Amino acid sequence: MNLAMIIHIRMLTEFIMLIIIANIIAWPLSWYLGRQLLDGYAYRAEMSWWIFLDATLISFAIAYLTISYQSIKAARIKPVDALKYELKNVDFSMSS
């Protein structure tokens, strides 16, 4: 297992935790606000639990695709080019 794969897994687990926390906060809030909005109509529409589950799965998929793309992009770059980019903006002067 190379370093890029370890970083990818680490980032993915961190983002999964953030997505879970965000959904724990968002589900009750969106259910309450959606219920308030739908109660104002003469014809009632029910809010199903699968809508929230779909939104969570979509957010997981977006996070996975984004992290995978960035990991692949970082893994394909040459280390020398990455160092040149990083060192271009560093000030090596000894003055304070």
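The values are calculated or read from the model by the stated rules, or taken from the named source; none is laboratory data. Bear in mind the structure is a predicted one, so any value in this text is a computation, not a measurement. Every residue, glycine as well, gets a Cβ built from its backbone with ideal geometry; the counts of neighbours run over all protein chains shown.
For segment 42-67, the set of residues classified as among the acidic types (Asp, Glu) and at pLDDT 90 or above consists of Asp54 only. Test Ile7 against the criterion of being surrounded by fewer than 13 Cβ atoms within 10 Å (Cβ to Cβ), part of a helix (DSSP H, G or I) and not hydroxyl-bearing (Ser, Thr, Tyr), and give yes or no. For Ile7, the condition - surrounded by fewer than 13 Cβ atoms within 10 Å (Cβ to Cβ), part of a helix (DSSP H, G or I) and not hydroxyl-bearing (Ser, Thr, Tyr) - is not met.
Contact map, segment 46-71: residues that are farther than 19 Å from Gln36 by Cα and touching a residue at least 40 places away in the same chain (Cβ under 8 Å) paired with residues that are surrounded by fewer than 14 Cβ atoms within 10 Å (Cβ to Cβ) and of a type in the set (A, V, I, L, M, F, W, C), Cβ distance under 9 Å, separation 6+ or inter-chain. Pairs shown: Ser59/Ala22; Ala63/Leu18; Ser71/Ala4; Ser71/Met5.
Scan segment 19-49 for residues that are assigned to a helix (DSSP H, G or I), closer than 30 Å to Thr66 by Cβ and not aromatic (Phe, Trp, Tyr) and report the count. Give the derivation first.
Residues of segment 19-49 assigned to a helix (DSSP H, G or I): 19-38, 49.
Adding the requirement that they be closer than 30 Å to Thr66 by Cβ leaves 19-34, 49.
Now restrict to residues that are not aromatic (Phe, Trp, Tyr): 19-26, 28-30, 33-34.
So the answer is 13.
One residue stands out in segment 25-76 among those that are within 19 Å of Ile6 (Cα to Cα) and among the hydroxyl-bearing types (Ser, Thr, Tyr): the one that is surrounded by the fewest Cβ atoms within 10 Å (Cβ to Cβ), namely Tyr69.
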